[in-house]
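The next block holds one structure in the form of structure tokens; read it before the comments.
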Amino acid sequence: MPRKKRGAPVPEEEKAPAEEPEVEEVPVEEPVEEKEGAAPEVSGALAGPEGPTGEERRAAAIAHGSILLNVITGVGGPIVALIVWLLYERKSEYVGWHALQALVFQVIVVLATLLVGGISLVLWIITAALLYIVVGFCLLPVALGFTLITATLTIGGLIYGCAGALTVLEGREFHYRWVSEWIHPLSRP
């Protein structure tokens with residue numbers, strides 16, 4: 001490239017395009033319509049304008065995470081969630097809502113596990129009794145299937161409850177699918 005002299009005019013194609021000032025676009029929030037039967041948004045409305053306090057988050061996380069007690073005691077999780085709900089029902093609507101969700105979810109998981117586990121136990125007893133006949137071998141897959149359903153209910157409930165505990169501990173909102181929609185009309189005026 002040849003050298004340019006000082007003060008010489010710059011050809012048009014070498015000139016840098018003039019920068020236009022950037023205009024920052026501000027997103028416009030559209031009003032959100034609430035679906036009938038949908039779970040309530042509790043993060044701002046129930047927890048205050050600044051969100052839930054650290055104590056509220058910890059109490060809600062204890063209610064959700066108490067499902068881990070079901071592994072040891074069988075029914076300890078719903079008892080802890082009930083205690084948290086009774087303690088915070090009038091003190092904090094945020095914690096009360098999460099404790100009520102956790103209580104209902106844990107009771108459903110315990111009852112479903114007992115029901116399916118009971119069916120599984122009966123099937124294994126029948127299978128063992130009829131094992132010497134061909135019918136016992138035919139019942140093996142059914143008994144095994146109910147056993148796997150019981151294990152899936154237990155492990156799935158534990159994972160879902162722990163996910164709820166971690167989510168509210170971080171300060172984000174959490175709703176159990178179907179449970180929060182079901183108890184929403186019962187718990188709100």
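Total residues in region 67-77 satisfying the condition of being surrounded by 24 or more Cβ atoms within 10 Å (Cβ to Cβ) and either charged (D, E, K, R) or more than 17 Å from R177 (Cα to Cα) (or both): the figure is 1.
For T150, the criteria (1) of a type in the set (S, T, Y); (2) under 22 Å from G51 (Cα atoms); (3) buried (at least 19 other Cβ atoms within 10 Å of the Cβ) hold in every case but one, which is (2).
Being in contact with a Leu (Cβ under 6 Å, 6 or more places away or on another chain), at pLDDT 90 or above and closer than 21 Å to T167 by Cα is the filter; apply it to region 82-112 and report the residue that is surrounded by the fewest Cβ atoms within 10 Å (Cβ to Cβ). The qualifying residue surrounded by the fewest Cβ atoms within 10 Å (Cβ to Cβ) is L82.
The values are calculated or read from the model by the stated rules, or taken from the named source; none is laboratory data. None of the values given here were measured: they were computed from a predicted structure. Using ideal geometry, Cβ is built from the backbone for each residue, glycine included, and neighbour counts are taken over all protein chains shown.
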